[in-house]
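The values are calculated or read from the model by the stated rules, or taken from the named source; none is laboratory data. These numbers come from a predicted model, not from an experiment. For neighbour counting, all protein chains shown are included, and Cβ atoms are generated from backbone atoms with ideal geometry for every residue, glycine included.
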């Protein structure tokens, strides 16, 4: 079971911030860009109005940048990694996006402050998952949307082949390029020890969300879940 103590994980992401985008795009053959773009497309097609948006575990801000297409009055991009936020500020700065350093387990926002909360490849790193989801529920307005894209635990022959690449090949390349001793080893372990999409959706529903759509992006591993606060 990977260690998800917040200070340790934030330090790990601080370390890999300079190479994070390059490796993500390389490892997914740029499909991660397509998946984020499709989230914005689906939200636009929903016809809902999102004036206030929180992109939680924002990292370097790729998803936050896509969410600008919703024309919100305010986007808050929050992360517990100072270096990830600094990379976003230096390379993807936008005056509409407010950068906030915050722990998902204790968000510095008011109850019902946001129309939309998104998490792109971040819930897997939450130390106290249920507590973090309760915080998302708290800061989201009733009827608001919670959208998660994540790598979930899965199964099957194709998944086994992918797991070989993900567990044996990618960590070697990722650790070497990023200069980290174990960041991409942790990434693989965090997926293998995470929930299935069904388990995650069930946990969300237990605390007040309703699953409205699930998109299988890749082999049942990368999924996007669209949920509404009831």
Would you say residue 227 is modelled with pLDDT of 95 or more, in contact with a helix residue (DSSP H, G or I) (Cβ under 9 Å, 6 or more places away or on another chain), assigned to a helix (DSSP H, G or I) and at negative phi? no
Of all the residues that make up segment 67-89, how many are more than 11 Å from residue 101 (Cβ to Cβ), out of contact with any strand residue (DSSP E or B) (no Cβ under 9 Å at 6 or more places or on another chain) and crowded, with 18+ Cβ neighbours inside 10 Å? 1
Subset of segment 41-69, residues closer than 23 Å to residue 25 by Cβ, in contact (Cβ under 8 Å) with a residue 12 or more places away in the chain and in a helix (DSSP H, G or I), comes to 42, 43, 62, 63, 64, 65, 66, 67, 68, 69
Which one of these does residue 26 not meet: (1) within 12 Å of the chain's Cα centre (by Cα); (2) in a helix (DSSP H, G or I)? (1)
Scanning segment 38-66 residue by residue, the ones that are over 24 Å from residue 9 (Cα atoms), surrounded by 19 or more Cβ atoms within 10 Å (Cβ to Cβ) and in contact with a helix residue (DSSP H, G or I) (Cβ under 8 Å, 6 or more places away or on another chain) total 5
In segment 183-198, which residues are out of contact with any helix residue (DSSP H, G or I) (no Cβ under 6 Å at 6 or more places or on another chain) and without any contact (Cβ under 8 Å) to a residue 24 or more places away in the chain? 187, 198
Residue under question is residue 210, and the condition is that it be at pLDDT 95 or above, farther than 23 Å from residue 14 by Cα and in contact with a strand residue (DSSP E or B) (Cβ under 7 Å, 6 or more places away or on another chain); does it hold? yes
Quick check: is even one residue across segment 112-121 over 25 Å from residue 33 (Cβ atoms) and at pLDDT 95 or above? yes
Would you check if residue 187 is assigned to a helix (DSSP H, G or I), closer than 23 Å to residue 65 by Cβ and at pLDDT below 95? yes
Tell me the residue from 95, 7, 34 that is surrounded by fewer than 19 Cβ atoms within 10 Å (Cβ to Cβ), under 30 Å from residue 170 (Cβ atoms) and modelled with pLDDT under 95, please. 7
